Amino acid sequence: MIKLSQAAAVEIQRLKSKQKQPDLLFRLAVKPGGCSDWFYDMSFDQEQALTDCDRVFTCKDIQVVLDTETLEHTQGLTIEYSEDLMGGGFRFYNPQANAVCGCGNSFSVLA
């Protein structure tokens, strides 16, 4: 399971409200590529688009969707959000990552 910081939850809710579809679910996925082996991809999805490979759980009043492959690579992941001089952004802290790219959005895991 993943964890959302309070700031990340607030930002996800803010982004979701801009979609003007209150029933959307927050989807986190990992996809092959990026500077390392995998990169994080965040989007919103409708419940009817879910498949048998998806798992849904609630964290800080946000329904989070992960497919089984993402779940395998993100156990214990914490997503944070912060504003700084270079702008705001999500930060990923993945205890399974053995290497993380400088951008912070790409990682690799031991096989």
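Worth pointing out:
- Shape index of the chain: Rg/Rh, with Rg the Cα radius of gyration and Rh the Kirkwood radius from the inverse mean 1/r over Cα pairs, equals 0.95.
- Taking the charge dipole of region 3-109 about its Cα centre, with +1 at Lys and Arg Cβ atoms and -1 at Asp and Glu Cβ atoms, the residue from Leu85, Val100, Ala29 reaching farthest to the positive side is Leu85.
- Simple spin-label estimate for Thr78 and Gln48 gives 3.9 nm between the two label positions (7 Å along the Cα-to-Cβ direction from each Cα).
- A straight Cα-to-Cα reach below 18 Å connects Lys16 with the aspartates and glutamates Asp41, Asp45, Glu47, Asp61, Glu80, residues fewer than 8 places away in its own chain not being considered.
- In this rough spin-label picture, where each label sits 7 Å from Cα along the Cβ direction, the Gln13-Asn98 distance is 3.9 nm.
- Here the simple spin-label model places points 7 Å from the Cα toward Cβ, and for Phe57 and Lys20 these points are separated by 3.4 nm.
We did not get these values from a lab; they are worked out from the coordinates using the rules stated. Predicted model only: the values in this text are computed from it and were never measured. Heads up, the Cβs are rebuilt from the backbone with ideal geometry, glycines too, and the neighbour counts pull from every protein chain shown.
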